[in-house]
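Take a look at the structure below.
The values are calculated or read from the model by the stated rules, or taken from the named source; none is laboratory data. These figures come from a predicted structure and were not determined experimentally. Ideal geometry is used to build each Cβ from the backbone, glycine not excepted, and the neighbour counts take in all protein chains shown. Quick note on the areas: whole protein, heavy atoms, side chains included, nothing else; ligands and nucleic acids left out. Shrake-Rupley method; radii C 1.70, N 1.55, O 1.52, S 1.80 Å.
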Amino acid sequence: MQTFTERGNMIREPDTRTKDERAGTKSCPLCKGGATQEFLRAPDRFHLRREVYKLMRCAECGCVWLADPPTPAEMGAHYSEDYHRAIAKAGETAAEIRWRRHNELISQYQRGGSILDIGCSSGAFLGTLKGNWKLYGIEMERATAERARAATGADVFVGDVMDAPFAPGSFDAITCFDLLEHVYDPSVFLARVLEWLKPGGMVFVMLPNIESWEARAFGSYWYGLELPRHTFHFSPGSLRYVMGSLGFREVHLQTPPITYVERSLGYLGAAGLEKLGLEAAPQSRPKPAGIPKRILRKALRVGCFGPLGAIESLAGAAGSMEAVFRKPPIKA
């Protein structure tokens, strides 16, 4: 199977689920438990599209997943050029600031060696790494991969993750930022990550937290849902479950002061305009903001959204999760 990741790549993996499991009606795709129920329904609010999607939740492991997701052939339509531009802009604008927290986290546990960034795009993250690193990446789109090579000197594989020819035990560190929530079968994907790591090697992941305060407050308007592009939605508990089931050992897991409240409020505002019969601009194609609006936005970020994210983080309930897991070392 193939699925597009947030940075525009495709991951092909076998789909071993039954028809009922794909429709989300029988068992949890992570723990195979049968205590599943409907979680919520929502459309693709990023593009302001009408089709409604259903999320299911497992009462046993906490996993939330998209019931009956678009097929791989259909999924490409949900990754528009507007979407790719928005993601690229977010990753490449002020890269040193954008990726500072990621670098600080990595440097706490690993200061050099071979590192693979899955979904490396044009190499914005790899280009900010400091220290004695040998850089590798995986990128689906050839021109983008060439930009990453030229900018960073990284060895970038062009193609599907599951086709990458890396030998077992190749990497000291693997990064998966805003990616795990996009794959059709997280267990299959993470098993390949485990295989590629050296004994004692680490995987660094960042992804939305479905059990955050803001996810509960905004419900179907929470920006982190990203339907139907996000096929799985994790909490700290369900992330620990899937990683532990594969043999990873937890090193670090917390919710950093990252919030999607501003974006989620934008979804609520768009819905309000539509109810009034007015045209709303989708966040995939935002209208240029004038100086007063930019000043107001900056003030809200500094005075409201920033402190809110810090409080959520202290409570372990922020909108995003960051985690480090280690592959067990070889026993002597």
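Residue check: is L207 in contact (Cβ under 8 Å) with a residue 12 or more places away in the chain, within 20 Å of the chain's Cα centre (by Cα) and surrounded by 21 or more Cβ atoms within 10 Å (Cβ to Cβ)? Steps first, answer last, please.
Values: in contact (Cβ under 8 Å) with a residue 12 or more places away in the chain: yes; within 20 Å of the chain's Cα centre (by Cα): yes; surrounded by 21 or more Cβ atoms within 10 Å (Cβ to Cβ): yes.
Yes; evaluated as a whole, the condition is true for this residue.
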Count - residues of segment 220-274 that are more than 22 Å from R41 (Cα to Cα), at pLDDT below 95 and of a type in the set (K, R): 0
Near pairs, Cβ below 6 angstrom, 6+ apart or cross-chain, from segment 24-49 (under 17 Å from S245 (Cα atoms)) to any residue that is open to solvent by 80 Å² or more (accessible area, probe 1.4 Å) and assigned to a strand (DSSP E or B): none
Of all residues making up segment 210-222, the number that are open to solvent by 10 Å² or more (accessible area, probe 1.4 Å), under 24 Å from R50 (Cβ atoms) and of a type outside the set (G, A, S): 3
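Conditions tested, residue by residue: (1) surrounded by 16 or more Cβ atoms within 10 Å (Cβ to Cβ); (2) out of contact with any Pro (no Cβ under 8 Å at 6 or more places or on another chain).
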position	(1), (2)
C28	yes, yes
K32	no, yes
E38	no, yes
R41	no, yes
L48	yes, no
V52	no, no
R57	yes, yes
V64	yes, yes
D68	no, yes
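Among the helices (runs of 4 or more DSSP H) confined wholly to segment 226-332, which include 1 or more residues that are touching a strand residue (DSSP E or B) at 6+ places or on another chain (Cβ under 7 Å) and open to solvent by 40 Å² or more (accessible area, probe 1.4 Å)? Full working, then the answer.
Values: elements: 236-246, 261-275, 291-300, 306-314.
Output list reads 236-246.
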First in segment 264-278 and on the phi < 0 side of the Ramachandran plot, second anywhere and open to solvent by less than 70 Å² (accessible area, probe 1.4 Å) and among the aliphatic types (A, V, I, L, M), Cβ under 6 Å, 6 or more apart: A270/A280; L273/A280; E274/A280
Residue within segment 21-33 that is outside any loop (DSSP other than H, G, I, E, B), over 25 Å from G266 (Cα atoms) and at pLDDT below 90 present: yes
